[in-house]
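A short worksheet on the structure shown next.
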Amino acid sequence: MVRGTRLVVGVALASAALLAVAFALAWNPEIKAIARPAADSFDRALVAEGEGLARLGSCAGCHTADPARPLAGGRALATPFGAVFATNITPDVETGIGAWSREAFGRAMRRGIARNGEHLYAAFPYDHFTHVSDGELDALYAWLMTRRPIAGRAPATHLDGVFGFRPLVAAWNLLHLNEGPLPADPAQSSDWNRGRALAEGLAHCGGCHTPRDSLGAEDKARAYDGALTDGWYAPPLNGRSPAVRPWTTDRLSVYLRTGLSPAHAAAAGPMGEVTRALSEARDEDVHAIAVYFASLMSQAPAARLDQAEPIDRQALAAQTYPEAATLFAGACAVCHEPGAPMMQQGRPPLAWGTPLQADNAHNAVRTIMEGLTSPAGLIWPTMPSFADLLDDHQLRELTAYLRTRFTDKPPWPDIGDAVLQARQGEAR
Ligand code: HEC
Ligand code: HEC
Ligand code: HEC
């Protein structure tokens, strides 16, 4: 009894202490507005460096809703608690960050606090950007302040229930924010360390590839285990990678820069956007990221068992899904059948792509429905969208057929859900 009471008192005291600390941290002073710095007051080389870094960080990806108004915000980011709108980060003084000093910008990137002292939501990946070095923050600031100012306020964010109360973010930060640059690991090469700093920091790869806990924070114990993001599946990038061909440094470099790995597949959906941004980042930075992930994936099954001979169980698949076999012959074979002109250009067979090898059908279904636009710098037949040409039943059958024909893995149990979710996403 006594011990139980003590425990309860102890827990209550600890919670009260946590709350007190959180409240102390929740309050942050406003940082004084400044007159917008003149564009020519920034060093050109610094601005150019900032541009490359902004590509790595996909700043424009989230902060642009209308391509004619780059960085002016307004794009809605879905979270389990409601939509968070990306703000205007052009140097407009009234509605953007034109009045933000370097100090105010640095505090936002390192600690997720706006110039007026308000907490920002972690849909803005400051839990990653906190690892960016001071010199790189200088460069990013110089780049942002020399963009074209565009007036226009993004819609206000109103999250559900208690999550609408921004000071609560302070408690989240207490648990999840590991502030400042990461210490280098002396056991690893300088490329590896640079790659890790970029991947964990600016490029925030874990933002999609790491599963989140119930409060929306990345679960570091399951770093890069793979996660659903906006109806797509960002597959594992560690020893759990389901790829059937090894992801080497060279293959990763090519994939991240061009959006296509000839030994795997093309980058579809959100990853297509990431690779388009990376195609404009600096070569050595993308190479470093590739070194880091090649090392994380060096224990994956494919590293031991490279399936260089693509699986093709055509007879079995046709027998199991006769209707889908006819569909495939009519709609897909012209590009994907072994020996088709497209395949003769050195495109990867469907058997090598992770979409068919992963534990769920989301990426296969989404790719068939949406098709694929041409990745950076490549001219090729693009894959048309089949969303309006195939009904739900045909989509399910065709997806099951691909899994059986081009992999030796068990059938997916969840194709129906994946199709349903993709149709709902389409309707939104
Ligand atoms: C994954 C999407 C995403 C990416 C990538 C992203 N941001 Fe943001 N950012 C947001 C969202 C959402 C907000 C608003 C958060 C809120 O309202 O609480 C925001 C807010 C900000 C703010 C605060 C502005 C204000 O008005 O309060 C700054 C500064 C900022 N971002 C800079 C950047 C920079 C620089 C980059 C690239 C290095 C970047 N962001 C990349 C989503 C993103
Ligand atoms: C906005 C979400 C998002 C971000 C950020 C992101 N990824 Fe991805 N990634 C995905 C999705 C979704 C896929 C699956 C795409 C497909 O099937 O074509 C993917 C696929 C990949 C693949 C292919 C894996 C395989 O086995 O086929 C690699 C490699 C990869 N990402 C690396 C990265 C790296 C490195 C970063 C950081 C620079 C990154 N990703 C950032 C969403 C993201
Ligand atoms: C006009 C050519 C074309 C047609 C027709 C086509 N595709 Fe594709 N498909 C592509 C291209 C290009 C890619 C990107 C990967 C590549 O280059 O190999 C792709 C990628 C895919 C992927 C992603 C996995 C991977 O290896 O990249 C799947 C799954 C897929 N196609 C299924 C289908 C199915 C099913 C059909 C028929 C309903 C179909 N495709 C019809 C051109 C086509």
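The values are calculated or read from the model by the stated rules, or taken from the named source; none is laboratory data. Everything quoted here is computed from the prediction, not taken from an experiment. Every residue, glycine among them, receives a Cβ derived from its backbone with ideal geometry; neighbour counts consider all protein chains shown. Ligands, DNA and RNA are excluded from the accessible area calculation, which covers all protein heavy atoms including side chains. Shrake-Rupley method; radii C 1.70, N 1.55, O 1.52, S 1.80 Å.
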Sorted by chain and then number, the residues having a modelled amide H within less than 5 Å of the amide H of LEU372, at least 5 places away or on another chain, are MET383
Describe numerically, in nm with one decimal, the distance between label points set 7 Å from Cα along Cα→Cβ at PHE81 and at ALA45.
4.4 nm
Counting only DSSP beta bridges with both partners in the chain, the antiparallel fraction in percent, to the nearest 5, comes to 90 percent
How much mean residue ellipticity at 222 nm does the chain get from its helices, if each DSSP H run of length 4 or more adds -39500 (n - 2.57) and you divide by all residues, to the nearest 500 deg cm²/dmol?
-13000 deg cm²/dmol
If R₀ is 60 angstrom, what is the calculated FRET efficiency for the pair LYS32 and LEU316, using the beta carbon separation as r and rounding to 0.05?
0.30
When a/c reaches 1.5 or more, the comparison of a/b and b/c decides; with that in mind, is the stretch 190-304 rounded, prolate or oblate per its Cα gyration tensor?
rounded
Under a 10 Å cutoff between Cα atoms, tell me which one of GLY74, GLY353, GLY135 has the largest fluctuation in the Gaussian network model of the chain.
GLY135
Quote the FRET efficiency, to the nearest 0.05, computed for LEU228 versus ASN116 with a Förster distance R0 of 35 Å and r equal to the Cβ-Cβ distance.
0.55
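Which helices, counted as full DSSP H runs in the chain, have an axial Cα extent of no less than 30 Å and a Kyte-Doolittle average of -1.0 or above? Mind dumping the intermediate values first?
Numbers: long enough: 2-26 (35 Å, 1.84).
Passing helices, by number: 2-26.
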Find the accessible area per residue for the chain; the probe is 1.4 Å, ligands and nucleic acids are left out, and the unit is Å².
49 Å²
When the chain is fully extended, how far beyond the present Cα-Cα distance does GLU273 get from ASP66, taking 0.36 nm per residue of separation?
73.0 nm
Could you sort 57-68, 259-270 so that the peptide with the highest average Cβ count within 10 Å comes first and the rest follow in order?
259-270, 57-68
What residue among PRO349, PRO149, PRO186 has the largest mean-square fluctuation in a Gaussian network model of the chain, using Cα springs under 10 Å?
PRO186
What is the percent carbon and sulfur in the accessible area of the stretch 237-357, measuring with a 1.4 Å probe over the protein chains and ignoring ligands?
58 percent
Take the solvent-accessible surface of the protein heavy atoms, probe 1.4 Å, and return the percent of it on the stretch 67-143 that carbon and sulfur atoms account for.
56 percent
Using the per-residue mean of other Cβ atoms lying within 10 Å as a proxy for protection, in what order, highest first, do the peptides 233-245, 398-410 fall?
233-245, 398-410
Under the 0.36 nm per residue contour assumption, what length would be gained going from the current alpha-carbon distance of ARG304 and SER190 to full extension?
38.4 nm
For GLN345 and LEU175 in one chain, what is 0.36 nm times their gap in residues minus the Cα-Cα distance, to one decimal in nm?
56.2 nm
For the stretch 238-273, list residues with backbone N below 15 Å from a point placed 7 Å from the Cα of LYS409 toward its Cβ?
238-247, 264-265
